[in-house]
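Reading through the structure tokens given below for one structure.
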Amino acid sequence: MQILDGKSCSEQIRREISEQVSRLRAAGRRAPHLAAVLVGDDGASETYVANKVRDCDEIGFDSTVIRMDAATGEEELLKKVAELNADDSVDGFIVQLPLPEHIDEHKITVAIDTAKDVDGFGPQSVGLMCLGLPAFVSATPNGVMEMLARHGIETEGRHCVVLGRSNIVGTPMSILLSRNSTPGNCTVTIAHSRTRGLKELCAGADILIAAIGKPRFVTADMVKTGAVVIDVGTTRVPDASRKSGFRLVGDVDFDQVGPKCSWITPVPGGVGPMTRASLLQNTLKAYHNRMRESDV
Ligand code: GUN
């Protein structure tokens, strides 16, 4: 068993970006700027956004957090999105999800300018990605692809089972892995809660991507010996022994499954740090795209 080390891989990416930012600054250019809109006071969202700000600080990006009350209406949030779309000092921005129930997430996602959609959640970003055109790919699938590439994991012709069909992980993951690219060129099956014969299906996978958000759902009998297992799950499970009061648990029973695998991601320290690094990569890309446009 070898560990797909998202922590060191993401540190490498951060170093690369940080060096680029230093070069930009030395040439008298401004730093890339990421903005995040946080509506309400969801604890996990607070942590995610705080981490994004810290990531920006560490690599020399500018960042802005726009906090809005939980009672913020849809129109008001749309107005904020329009402001950020028009703000020349902002290269990319995200609206942290989930949003309060009275706001239609889809309406907000659609309103974000594709040139600044560094989350890659918008329909144009998804469409461009499906067509294999330059696009912002959502952070988790992008991070998984980067991790496979940087570890030289062979994907061509292999059978990949993606467990989970969410818009931001399972679905884009399946498209990226089935594309004629490296990594990619897999034969992909998307499985979900209604899939019949799920155990057998997973047990036939050369590459198994678990993205269903059910702690330790994937057990040893669901994994082929020698498989590559990517655990996207990060469920917060109460743990009184931790200062935070919780610990992160993946979708894969690591202790049982690990010894059967050729490669496996740990939780934490696997996909999570790669997701964070991907947002930085997308922000840098947005910055360069905008700079190119303003040069002509
Ligand atoms: N909520 C959980 N993950 C994400 C993310 O990557 N982007 C946004 N906007 N919200 C999230």
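The values are calculated or read from the model by the stated rules, or taken from the named source; none is laboratory data. Every value quoted in this text rests on a predicted model; they were computed, and no experiment measured them. A quick note on method: Cβ atoms are made from the backbone with ideal geometry, for glycine too, and the neighbour counts reach across all protein chains shown. We work out accessible area using only protein heavy atoms, side chains counted, and drop any ligands, DNA or RNA first. Shrake-Rupley method; radii C 1.70, N 1.55, O 1.52, S 1.80 Å.
Based on Cα contacts under 8 Å between residues 6+ apart, the range 137-257 shows a relative contact order of 22 percent. Computed from backbone phi, the HN-Hα couplings of the range 245-257 come to x, 8, 9, 8, 10, x, 7, 10, 7, 4, 4, 6, 7 Hz, rounded to whole numbers (Karplus: 6.51 cos²θ - 1.76 cosθ + 1.60, θ = phi - 60°; Gly and Pro given as x). For Val95, the residues whose amide H sits under 5 Å from its own are Val37, ignoring neighbours fewer than 5 places away on the same chain, with H placed 1.01 Å from N.
In plain terms, the chain from Gln12 to Thr219 could stretch by 71.4 nm, reckoned as 0.36 nm per residue minus the Cα-Cα distance.
Its Cα centre serving as origin, the range 71-217 has a Cβ charge dipole (Lys and Arg +1, Asp and Glu -1) of approximately 920 debye.
A full extension of the chain between Asn167 and Thr64 corresponds to an added length of 34.5 nm, given 0.36 nm per residue minus the alpha carbon distance.
Treating r as the C-beta distance of His192 and Ser89 and R0 as 35 Å, the FRET efficiency rounds to 0.25.
With contacts taken as Cα pairs under 8 Å at a separation of at least 6 residues, the chain carries a relative contact order of 21 percent. Here the peptides 91-104, 5-18 are ranked by packing, the mean other Cβ count within 10 Å, and the order with the highest first is 91-104, 5-18. The H on the amide N of Gly73, modeled in the peptide plane, is under 5 Å from the matching H of no residue at least 5 residues off or on a different chain.
Note on His151/Ser244: beta-carbon distance plugged into 1/(1 + (r/R0)^6) with R0 of 41 Å gives a FRET efficiency of 0.90.
Convex hull volume of the Cα atoms of the range 232-279, normalised per residue: 89 Å³. Of the trypsin sites (Lys or Arg not before Pro) in the range 223-296, the ones in a loop by DSSP (not H, G, I, E or B) with at most 15 other beta carbons within 10 Å are Arg242, Lys243.
Judged by a Cβ-Cβ distance under 4.7 Å, the unpaired cysteines of the chain are Cys9, Cys56, Cys130, Cys202, Cys261. Residue separation of His159 and Thr114 scaled by 0.36 nm, minus their Cα-Cα distance, works out to 12.9 nm of gained length. Using the rule -39500 (n - 2.57) for each DSSP H run of four or more residues, divided by the residues of the chain, the 222 nm mean residue ellipticity is -13000 deg cm²/dmol. What aspartates and glutamates sit close enough to Lys260 to cross-link, taking a C-alpha to C-alpha distance under 15 Å and skipping anything fewer than 8 places away on the same chain? Within the straight-line cut-off, Lys260 pairs with Asp206, Asp221, Asp231. Think of the range 175-296 as a dipole: +1 on every Lys or Arg Cβ, -1 on every Asp or Glu Cβ, centred on the Cα centre; then among Gly213, Val271, Thr187, Gly213 lies furthest on the positive end.
Per residue, how many Å² of accessible area does the range 1-141 show with a 1.4 Å probe? Write down the numbers at each step before the final one.
Numbers: 6860 Å² over 141 residues.
Each residue of the range 1-141 exposes 49 Å² on average to a 1.4 Å probe.
The protection proxy used here, the mean number of other Cβ atoms lying within 10 Å of each residue, ranks peptides 227-235, 215-223 as follows, highest first: 227-235, 215-223.
For the range 1-122, give the magnitude of the charge dipole about the Cα centre (Cβ charges: +1 Lys/Arg, -1 Asp/Glu; no others), in debye to the nearest 20.
Approximately 640 debye in magnitude.
How high is the relative contact order of the range 83-122? Use alpha-carbon pairs under 8 Å, at least six apart in sequence, and give a whole percent. For the range 83-122, the relative contact order is 47 percent. For the range 18-90, the square roots a ≥ b ≥ c of the C-alpha gyration tensor eigenvalues yield an a/c of 1.5 or more together with a/b not exceeding b/c, which makes the shape oblate. Taking the charge dipole of the chain about its Cα centre, with +1 at Lys and Arg Cβ atoms and -1 at Asp and Glu Cβ atoms, the residue from Gly132, Ile3, Thr234 reaching farthest to the positive side is Ile3. Across the range 144-153, coupling constants 3J(HN,Hα) worked out from phi with the 6.51/-1.76/1.60 Karplus curve, θ = phi - 60°, read 5, 4, 4, 5, 4, 5, 6, 9, x, 6 Hz, and Gly and Pro carry x.
Amide hydrogen proximity for Ser166: with H placed 1.01 Å from N in the peptide plane, the residues at 5 or more positions away or on another chain lying under 5 Å are Thr171. Excluding same-chain neighbours fewer than eight residues apart, the lysines reachable from Lys243 by a Cα-Cα span under 27 Å are Lys7, Lys52, Lys214. Charge dipole of the chain (Cα centre as origin; +1 on each Lys and Arg Cβ, -1 on each Asp and Glu Cβ, all else neutral): 720 debye, rounded to the nearest 20.
I'd like the orientation of helix 6-26 relative to the chain: the angle between its Cα long axis and the longest Cα principal axis, in ° from 0 to 90, rounded to 10. The helix 6-26 is inclined about 20 degrees to the chain. Taking the Cα atoms of the range 56-205, the ratio Rg/Rh between the radius of gyration and the Kirkwood radius comes to 1.03. Taking the Cα atoms of the chain, the ratio Rg/Rh between the radius of gyration and the Kirkwood radius comes to 0.97.
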